[in-house]
Amino acid sequence: MSIVSGTRTDQRLGFADQTEEVRVAALAVSGEVPAWLTGGLVRVTPAQMDFERRSVTHWFDGMAMLNRFGFDGGAVSYASRFLDTDARRAALASGGAAINGFATDPCRTLFQRVQSTFRPDLTDNANVNLTRLGDEYLAMTETPIPVRFDPETLETLGHDQGAAAFGQLTTAHPHHDPERGELVNFAAHLGRKSEYRVYARRSSTESRTLATMPVREPAYMHSFALTPRFAVLLENPFTVNPLRLAFGGRSFIHNYRWKPELGVRIHAFSRATGALHRSWTADPFFVFHTINAFEDGGDLVVDLCAHADASIIDLLNLDGLRAGTNAPQEAQPLRLTLPLAGGAVGSRRLADVDLELPRIDYRRRNGRDYRYAYGVSSGGSPFLKSLVKLDVTDGTHVVWDEPNAWAGEPVFVPRVGGDGPDGEDDGVVLSVVLDAAAGRSFLLVLDAQTFQEIARAEAPHHIPFGFHGQYFSAA
Ligand code: CO
């Protein structure tokens, strides 16, 4: 087993287990946390990688833990709790042998592999992202069985099965349609006739299909884009033969093949009719995260974080991250311009800075022309480190960085009452930052306009690096 020593003072501490579940009523706060912040910032991270008999092999397979920074009149509380999932129970009971994850195989020598079919044993280790569906709060991974949780106590409340009919694979990045009160997502249904399905859900029991498209070899897609008129799928040239997934006997992602000759195929579906409006092909890249998309005259514009290829996945193997030998490849913010009447795809880099884990003023700007994106940049460091505020209209950007600090995804929260015409960056940016020298993490609060620190709250321990989180206001 590769346990990381607690004395590491660099980014590697972010990949060390944190199995302590704690509740702290009031954290030490410096600066002033705005009193209009209510509720909490809840994040989900892989927090347990090591088990009695072995460790997971990939960072994406660590067991999900929820972390919550709660806000109350400027005070900040903290709580952490594991999701009580079937995946974690099986991992604990088998000493890790039974883990069947994104890139970690069940260990055949320790554990008899269960024969999987077109409905493989779908993991419920929902360590990627969180969302709200009606009155329910969901933790998600890329299987259609999100885990319900209480946003105050972080208690696990069971599975949400309402999307399971759409396919075996989905994304942990659903879009919100505030007008219809729906969550929109896409799924891949795998079978003798595989297809993509764009679907919408109003509650755990009400859902509908928006669009479908047959596909022979589905692409790995971690997110997609949504505008008022279109749902936009971006097919990475990283595809799978569904039979291989069913019978290949390898962990999920190792069944996919990089095929740059395919380019990135982009499909815009009409949300009104479900019809495929048009498809385009862009030069090959690999994308986890779209940033935003909108219509501009006769063009559909899609901004995203582009990796050169899918090697980023293997670079996130846990051993290499813990040894500090895998410096993940940097993603570039890219703008694609797609002529709605047909024609060649335009492509240009948005700025001279690398960017991942992008966020925007989602509620007011998603699907619309916008100015600001926030993200994390490595800037040549061995992992994501600095926070970036990017003006996508001219490529200028502001950076927040500190020695020994390794920042996580920046979550923009609009200021209550800040809905004026110039309001796009009127609010705060929240990020959980690892202070490697101190051996613990803190919640950083930046003024989103100046990108200067206005407050921080010290967590009692290190919080492992993770992917995504959400601000859920009180009531
Ligand atoms: Co993601």
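The values are calculated or read from the model by the stated rules, or taken from the named source; none is laboratory data. Please read these numbers as outputs of a predicted model, since none were measured by experiment. When we count neighbours, we look across all protein chains shown, and the Cβ atoms used for this are built from the backbone with ideal geometry, even at glycine. We work out accessible area using only protein heavy atoms, side chains counted, and drop any ligands, DNA or RNA first. Shrake-Rupley method; radii C 1.70, N 1.55, O 1.52, S 1.80 Å.
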| task | Would you please state the base-10 log of I(q)/I(0) at q = 0.09 1/Å for the chain, with intensities from the Debye formula using one equal scatterer on every alpha carbon? | result | -0.56
| query | Label-point separation (nm) for residue 206 and residue 153, each offset 7 Å from Cα along Cα-to-Cβ? | reply | 2.8
| field | For the chain, calculated [θ]222 nm from helices alone, where every DSSP H run of n ≥ 4 adds -39500 (n - 2.57) | value | -1500 deg cm²/dmol
| Inter-part distance where segment 290-318 and segment 149-214 are each reduced to a Cα centre, Å | 21
| Using distinct alpha-carbon pairs, which all enter the 1/r mean, Kirkwood radius of segment 340-475 in Å | 15.9
| note | Per residue, the convex hull enclosing the alpha carbons of segment 190-240 has a volume in Å³ of 104
| task | Would you tally the net charge around residue 157, using a Cβ to Cβ cut-off of less than 10 Å, leaving residue 157 out, and scoring K and R as +1, D and E as -1? | result | -4
| message | Can you sort 49, 213 by solvent-accessible area, 1.4 Å probe, largest first? | response | 213, 49
| note | Rounded to two decimals, the Rg over Rh value of segment 197-296 from Cα coordinates and the Kirkwood Rh reads 0.99
| field | Solvent accessible area, Å² - residue 281, 1.4 Å probe, full protein context | value | 90
| query | For segment 401-406, in order, what is each residue's ³J(HN,Hα) by Karplus, 6.51 cos²θ - 1.76 cosθ + 1.60 with θ = phi - 60°, in whole Hz (x at glycine and Pro)? | reply | 8, 8, x, 6, 9, 10
| message | More than 26 angstrom separation, counting every C-alpha pair in segment 70-228; what % is that? | response | 34
| Per residue, what accessible area does the chain have, given a 1.4 Å probe and all protein chains present, in Å²? | 38
| request: Give the Debye-formula value of log10 I(q)/I(0) at each listed q (0.16 Å⁻¹), with one equal scatterer per alpha carbon of segment 1-104, two decimals each. | output: -0.78
